[in-house]
Amino acid sequence: MTAGQHPSRPGPRLRGPGRGAWSRGSGWGVWLVRQAALSVVVAVAVTLAWAQLRPQYFWPRWVWFGLGVNLAVQYGVRWALRKPRGRRGFALQLALSAVYVAIDVVSWALSGGGFFWPVFSTPVVAVALLAHAWWLQRRPPARERELAERVAALRRTRSGVLDVQAAELKRIERDLHDGAQARMVSLAMNLGLAEQLLTSKPEAVAPLLAEARATTLTALEELRTVMEGIQPPVLADRGLVGAVEAVALDLALPVRVEAEVPGRLEAPVESAVYFASAECLANVIKHSGATRAWVHLAHRAGTLTVVVGDDGSGGAQLGAGTGLTGVARRLEVFDGILTVDSPPGGPTRVTMEVPCALSSPKTSPSSGTA
């Protein structure tokens, strides 16, 4: 469900070529009746005209034949389209084949008989029908095809999960190596030097201990930053909406956050959607050249919809870089989808839809953030 739809207003129903389409005034059923009535009128008219002229050759039969062909084709197509979706193709071929064979046989009869030339065309039509039926039998049933597609999606999702996990592990390893680990090495060196100077130059130990204390505090802060990258505390404390609002407040351009999420989501879903939203907002800052952005979150009918938009230059494409591709893979784990609407010149709208349920009611209302 998109963000603009109201839950109490159902969208337009897609009416297929089922019985409802034939029962309405504009359906084919009414047109078939009208065409049949018109055909009867035309047939009676030409028959009366023949009766007035009284020629020896009864030519109105060819008019009847043409009118009958039109009616047969329309009725055959109507009959075929009423079949279930997986059988419509074969039913349509069967109906048109029957009409074709009937045309040949009636044409032969109206032409005066003689050599039965439809014997050549009828077997060809029959062979085509048999080939189509054989091909349908060879195809796996619809349920098996659905399961095969599902297995393929699960394999792709598993590969995406492994890629995302590998990237996260590399990021954490890099942050620890360049940050906290380097601070700990410096701390160990300062403490070792202080130990050596404790007896020979006690007055030089105090600055080293002060530096070691500052290094320890810096290392703790960097570790806290790494931990926030794994599971931000604001996400656990305030939920998805509050965490997105916190991200919006830290950005260098105004971001309006609107939410219609009447409760908390499951923790894995909240984490995935949070990082996906943060990545989309980061792309706004880095690439769009926008002056403002907005985020709309809504949970309706078991689906969480997040729309991240901006008034930038547009031109964003899914698959053109690693950012949106990573977001799509992150959401695909939860059967989520990502769509990008970004014409040249903007605006850009990135829509994320994730099927999920609310795990707990919301305890505090959220307000827009600008």
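The values are calculated or read from the model by the stated rules, or taken from the named source; none is laboratory data. These numbers come from a predicted model, not from an experiment. Cβ coordinates were reconstructed from backbone atoms using ideal geometry, including for glycine residues, and neighbour counts include every protein chain displayed. The accessibility values were calculated without ligands, DNA or RNA, using every heavy atom of the protein model including side chains. Shrake-Rupley method; radii C 1.70, N 1.55, O 1.52, S 1.80 Å.
Scan the range 72-81 and give yes if some residue there is loosely packed, with under 15 Cβ neighbours inside 10 Å and not hydrophobic (A, V, I, L, M, F, W, C), otherwise no.
No, the range 72-81 has no match at all.
Residues that are in contact (Cβ under 8 Å) with a residue 40 or more places away in the chain: which strands (runs of 3 or more DSSP E) entirely in the range 288-341 hold 3 or more of them?
Because the criterion is at least 3 residues that are in contact (Cβ under 8 Å) with a residue 40 or more places away in the chain, the strands (runs of 3 or more DSSP E) in the range 288-341 that meet it are 293-300, 303-310.
Within the range 106-126, restricting attention to residues that are among the aliphatic types (A, V, I, L, M) and surrounded by 14 or more Cβ atoms within 10 Å (Cβ to Cβ), which residue is farthest from the chain's Cα centre (by Cα)?
Residue satisfying both the conditions and the ranking: Val106.
Please verify whether Val226 is open to solvent by less than 40 Å² (accessible area, probe 1.4 Å), modelled with pLDDT under 75 and either over 30 Å from the mean Cα position of the chain (by Cα) or not acidic (Asp, Glu) (or both), treating the condition exactly as stated.
yes
State whether one or more residues within the range 252-265 are within 26 Å of Arg150 (Cβ to Cβ), open to solvent by 30 Å² or more (accessible area, probe 1.4 Å) and among the hydrophobic types (A, V, I, L, M, F, W, C).
Scanning the range 252-265, I find no residue that is within 26 Å of Arg150 (Cβ to Cβ), open to solvent by 30 Å² or more (accessible area, probe 1.4 Å) and among the hydrophobic types (A, V, I, L, M, F, W, C), so the answer is no.
From the list Leu208, Leu129, Leu198, Leu147, exactly one residue is in a helix (DSSP H, G or I), at pLDDT below 75 and hydrophobic (A, V, I, L, M, F, W, C). Which is it?
Leu147
With the structure loaded, tell me whether Val99 is touching a Pro at 6+ places or on another chain (Cβ under 6 Å) and closer than 30 Å to Tyr57 by Cβ or whether it fails that test.
The answer is no for Val99.
Where in the range 7-115 are there helices (runs of 4 or more DSSP H), lying fully within it, with 3 or more residues that are out of contact with any helix residue (DSSP H, G or I) (no Cβ under 7 Å at 6 or more places or on another chain), among the aliphatic types (A, V, I, L, M) and modelled with pLDDT under 85?
Result: 28-53.
State yes or no: is Val247 at pLDDT 80 or above, open to solvent by less than 90 Å² (accessible area, probe 1.4 Å) and assigned to a helix (DSSP H, G or I)?
yes
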